[in-house]
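Heads up: the structure comes next, in structure tokens.
FYI, it's all coordinate maths here, none of it is from the lab. Note that the structure is predicted; figures quoted are calculated from it, not measured. Ideal geometry is used to build each Cβ from the backbone, glycine not excepted, and the neighbour counts take in all protein chains shown.
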Amino acid sequence: MKIKELRLNKWFTRVLLIGLMALVGIGGLCRQPYETNPNLKLLVGDTIYHSTHNFNPVVSPAGESVYYLSVSIDNWSGFYDEQTGSIYSVKVDGGNVKEILHGMYNNLAISPDGEKLACQSYKEEVFLISESLIVVVHLVTGNVESLWISSKEEIRKLVWNSNGNYLYYLTANAINRLYLPDSTEEIVMSISGIAGFDLFNNDSIYLDSTIWYPEIEPVNQRYIIGTSGPSAHELMMRDLQKDTLFTLLDSLTPYSINWVGQPYWFPDGNTIVFAAAEYGGPNCSPAEIWILENLFEQIE
């Protein structure tokens, strides 16, 4: 009897080991192991329970705080090109997370003095609908301005000018600007077919036909960083001096298969913050906010 039980135990152990090896093999086929870059730092997000979707980060001029948009997973549409959230702030060490303004907003932008935030307001009916309303939050006083604009189109990007008197915004067919002291508007240029725009330090307009959400490197104004679209899987960079466009290495993002969105420069010109989620495409994982340090040491 004991010999029979021993054989059964050995047989059961062997079957169990074979089953475990099969599961490991299947898991390896589904997802390749990926080693995280030590220059990457998770700033905001829940990588285990995925309770929030976080996106559209911007950095204060002193580089000590990051502002971003966040929405609970229950209220997120599940599409990366259709996302709105409340405004939050966090210190670069991950501490002191707080909500600045509750609501449904997109295209967050920070003023050059770091004292104001701007974004477009949305409402939800059957679908998310962009309003003809730009909201400006005064961070020092907490006051909120509602600035109505004539355009009924969805804004694709908001940019402050160098002295903070104008807000430039891109729609499908034009770049407009809003003069904040008296809320007057004007069309700066009628244009279509561009992916995105930004402003140089002298307020001249940079247009890009390929890169979405382009951001000009703040120190030398030589490099442009962005993505290939609203549902992109990779970060892109343009070298204006060499007139080259290239994709950043996969190792500079946190997952082997990513959605990445709206990278933004720190004042040092060698650090970026961006949103990233595991696996790309619509109806996928919610995003976290990540910081990548020592960028140029890793692409040269």
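Roughly how many whole Å is it from the C-alpha centroid of the range 61-94 to that of the range 100-146?
12
What is the order of Ser285, Ser209, Ser70, fewest Cβ neighbours within 10 Å to most?
Ser209, Ser285, Ser70
Between helix 2-30 and the chain, what is the angle of the helix's C-alpha long axis to the longest principal axis, kept within 0 to 90° and rounded to the nearest 10?
Tilt of helix 2-30: around 20 degrees.
In cubic angstrom, how much convex hull volume per residue do the alpha carbon atoms of the range 33-82 span?
For the range 33-82, the hull spanned by Cα atoms encloses 124 Å³ per residue.
In the set [x] 13; [y] 21; [z] 25, which value of percent of Cα pairs over 34 Å apart was calculated from the structure you see?
[z]
Between Ile73 and Leu207, what length in nm is gained on full extension when 0.36 nm per residue of separation is reduced by their alpha carbon distance?
Computed gain between Ile73 and Leu207 is 44.8 nm.
Can you tell which of Ser204, Ile224, Phe127 lies farthest toward the positive end of the dipole of the chain, using +1 and -1 charges on the Cβ of basic and acidic side chains (Lys, Arg; Asp, Glu)?
Farthest towards the positive pole: Phe127.
Taking the Cα centre of the range 31-298 as origin and charging only Cβ (+1 Lys, Arg; -1 Asp, Glu), how large is the dipole, in debye to the nearest 20?
With Lys and Arg at +1 and Asp and Glu at -1, about 60 debye.
Using the Cα centre as the reference, give the magnitude of the dipole from point charges on the C-beta atoms of the range 102-243 (Lys, Arg: +1; Asp, Glu: -1; all else neutral), rounded to the nearest 20 debye.
140
In this model, which of Lys41/Lys152; Lys91/Lys242; Lys98/Lys152; Lys116/Lys152; Lys116/Lys242 are farther than 27 Å apart at the alpha-carbon?
The answer is Lys41/Lys152; Lys91/Lys242; Lys98/Lys152; Lys116/Lys242.
Inverting the mean 1/r over all pairs of different Cα atoms, compute the Kirkwood radius of the range 162-300 and quote it in Å.
Every distinct Cα pair counted, the radius reaches 16.1 Å.
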